[in-house]
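Inspection log for the structure reproduced underneath, given as structure tokens.
The values are calculated or read from the model by the stated rules, or taken from the named source; none is laboratory data. Here the structure is a predicted model, which means the values were calculated and not measured. Every residue, glycine as well, gets a Cβ built from its backbone with ideal geometry; the counts of neighbours run over all protein chains shown. In case anyone asks, the SASA skips ligands and DNA or RNA and just uses the protein heavy atoms, side chains included. Shrake-Rupley method; radii C 1.70, N 1.55, O 1.52, S 1.80 Å.
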Amino acid sequence: MSEPQRTPKSQSPDFSAWVDLHGDYLYKYAIFRLRDGSAAEDCVQETFLAALKAYRGFEGRGSERTWLVGILKHKVTDHFRRVTREAPIGETEGEEFEHNEFFTRTDEWNNHWSNAYAPSDWHATPSELVERSDFWKVLNDCLSPLPERTASAFTLREVDGLTSEQICEALNITVNNLWVMLHRARLHLRNCLEINWFTKETTD
Amino acid sequence: MALKAYDKIKHAVRWWLLRRLPTCKQTVKVISESMERRLSLWERITVKLHLWICLWCVWYLEHLHLMRNTIRSKAAQEPNLDSSSLPPLSAEARERLKLRLSQPND
């Protein structure tokens, strides 16, 4: 599909055509980060409304889509900010994802990997995984039990590659909080993927 | 015979080291932090030694990088999001959006 004819600056663009042209793209962008359909739809709506207001300011430099994605990026971060600002971080948030049972042994090697949870060889590469839509489904399912803030921190770090400072500011946490959250998210996700993706794959 | 003795020594060295190094539980935390900050010299040495004798933690490190690289390559495909397998807007959501945009000042 080609870009629409750009409307003259003074005239309002056809917004319903905007939804048809860019709606799916923006929604996919948002849902990849938020994993929640209604939150993604809200962000897309806010993006279009902000674009509507700012349209006069849009000089037509670059494509409309790039401009819209730029707005959406902020809306997604605002969403993370909103859900996490409302609830200050508690002492025990996400403690169960420390997964002490992974390292509980009855022999002399307590605090080393328990045989039941120890990693195995995955024989996988990013390029093959990235194409598997079922892999993304499993990954999302694995992310969903994590506390909202922990999952958001992981997404901002790994999907958008934000710096620690940017994430700490958005989520209202210290850098030590962030490192603990990322560690728990990774420990949990790795195990969940091993059980639900890598073990299943070989037994199917 | 010599080989057997060598194996025995190697085993003993590994056992001795693993008793003195940080445990797997402590090491996986440092492995995660190595993706966030530069480790101190001491941390780098102890993690290296731990990885030398613990294949489980080697795989752990590999898996964390695999997850990061897979997610980042997915994000890098974003210019082609239209053809990706992510769900598109539902018909109802599309209508809701159009309706909302036609009354922007409400």
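Overview of values
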| quantity | calculated |
| --- | --- |
| For residues of A:18-25, the mean tally of beta carbons on other chains within 10 Å | 5 |
| Label point 7 Å beyond Cα of A:E101 along Cβ direction - residues of segment A:114-155 with amide nitrogen under 15 Å | A:114-118 |
| A:N176 versus A:S133: modelled label distance in nm, points set 7 Å from Cα along the beta carbon direction | 4.6 nm |
| For residues of A:112-118, the mean tally of beta carbons on other chains within 10 Å | 4 |
| Nonlocal amide H pairs with B:L21, under 5 Å, H built at 1.01 Å | none |
| Crossing angle, helix B:91-102 versus chain B [Cα axis fit, 0-90 degrees, rounded to tens] | 60 degrees |
| Buried accessible area, chains B and A (both chains, 1.4 Å probe, Å² to nearest 100) | 5500 Å² |
| Set A:K200/B:K8; A:K200/B:K74; A:K73/B:K48; B:K8/B:K48; A:K75/A:K200 screened for pairs whose C-alpha atoms are more than 28 Å apart | A:K200/B:K8; A:K73/B:K48; A:K75/A:K200 |
| Rounded, prolate or oblate (a/c below 1.5 giving rounded, otherwise prolate when a/b exceeds b/c) for chain B by Cα gyration tensor | prolate |
| Most fluctuating residue given options A:S144, A:S133, A:S38, as computed from a GNM of chain A linking Cα atoms under 10 Å | A:S133 |
| Rounded percent of accessible protein surface that carbon and sulfur make up, the protein assembly as shown, 1.4 Å probe | 54 percent |
| Value of D in µm² per second that Stokes-Einstein yields for segment A:93-172, Kirkwood Rh from Cα pairs, at 20 °C (1.002 mPa s) | 138 µm²/s |
| Helix runs (DSSP H) in chain A reaching 18 Å along axis by Cα, Kyte-Doolittle at least -1.0 | A:15-34, A:37-54, A:64-85, A:175-193 |
| Taking chain B and dividing mean pair separation by its residue count, relative contact order in percent (alpha carbons under 8 Å, at least six apart) | 23 percent |
| Share of pairwise Cα separations in chain A, more than 25 Å, in percent | 51 percent |
| Surrounding net charge for A:S38, when Lys and Arg each add one and Asp and Glu each subtract one, Cβ distance under 12 Å | -2 |
| Shielding by partners - mean other protein chain Cβ count within 10 Å, residues of A:153-162 | 3 |
